[in-house]
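Asker: One structure, as structure tokens, below. Some questions next.
Values quoted throughout were computed directly from the atomic coordinates according to the rules given, and no laboratory measurement underlies them. Treat the numbers as computed from the prediction; the structure is a model and nothing was measured. As a convention, Cβ positions derive from the backbone with ideal geometry for all residues, glycine included, and neighbour counts pool all protein chains shown.
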Amino acid sequence: MPSFRVLGAIAALLLAGCSKKPPETAPTPSTGQQPTTPVGTKTPDRPPVNTSDAASCQNAIASGVTELGRMINFDTDKYDVRPSDMGTLDAKADLLKMFPQVRLRITGHADERYTDEYNLVLGTHRADAARDYLVRKGIDGSRLETASLGETAPLDPGHTEEAWAKNRRDEFTILSGRESLASRIPGCS
């Protein structure tokens, strides 16, 4: 299920920043107290370890952006969220709860088989269906903007059922808060 996979990946990145074991220290022979410098440290002029790992920060952002941008699809002439896409929306809801700075635009699309006007309305209904689902999961509706492009932006320009199935979709775009996706990793800012 996408929500567990994504949350697990984000949790792993978060824990990676916190999982370093403190260096072992040995008691000093004369006092029996712990020294202030870890065993094996040569001199205090040793440069400090940089705890901010740019790659981890970028990976956290990329994982969040990927999950938040994952599309959902719809059946022909329908705008209800399919059970197979609920996990994708659940994962988005979980991330949106973790990162309240993030705002999304949901854009509904249709295939080419109906009129332009009908497809614009159908795209609007599809975007609204995803928005309503996320609101029911506890996301503030003011963080979700909707739009429709109808049939004007197909993913697949073909005229087959396979192409049409790809084109009946909602796309999700981060409007703001992208940088906050790395905020829970120590050293990322």
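Asker: Can you tally the net charge around GLU161? Count Lys and Arg as +1, Asp and Glu as -1, for every other residue whose Cβ sits under 14 Å from the Cβ of GLU161. The partial results should precede the final answer.
Answerer: Numbers: positive: ARG113, LYS166, ARG168; negative: ASP75, ASP77, ASP111, GLU112, ASP156, GLU162.
The answer is -3.
Asker: So for each of 116-124, 141-149 I average, over its residues, the number of other beta carbons within 10 Å; can you give me the resulting order with the highest mean first?
Answerer: Packing order, densest peptide first, comes out as 116-124, 141-149.
Asker: Checking the cross-link filter: which aspartates and glutamates have an alpha carbon closer than 14 Å to that of LYS166, excluding same-chain neighbours under 8 positions apart?
Answerer: ASP75, ASP77, ASP85, ASP111, GLU112, GLU151, ASP156
Asker: Still on this structure, I have one more. Tally Lys and Arg at +1 and Asp and Glu at -1 over the other residues with C-beta under 13 Å from the C-beta of PRO83: what net charge comes out? Let's see the in-between values first.
Answerer: Details: positive: LYS78, ARG82; negative: ASP75, ASP80, ASP85, ASP90.
After counting each charged neighbour, the total is -2.
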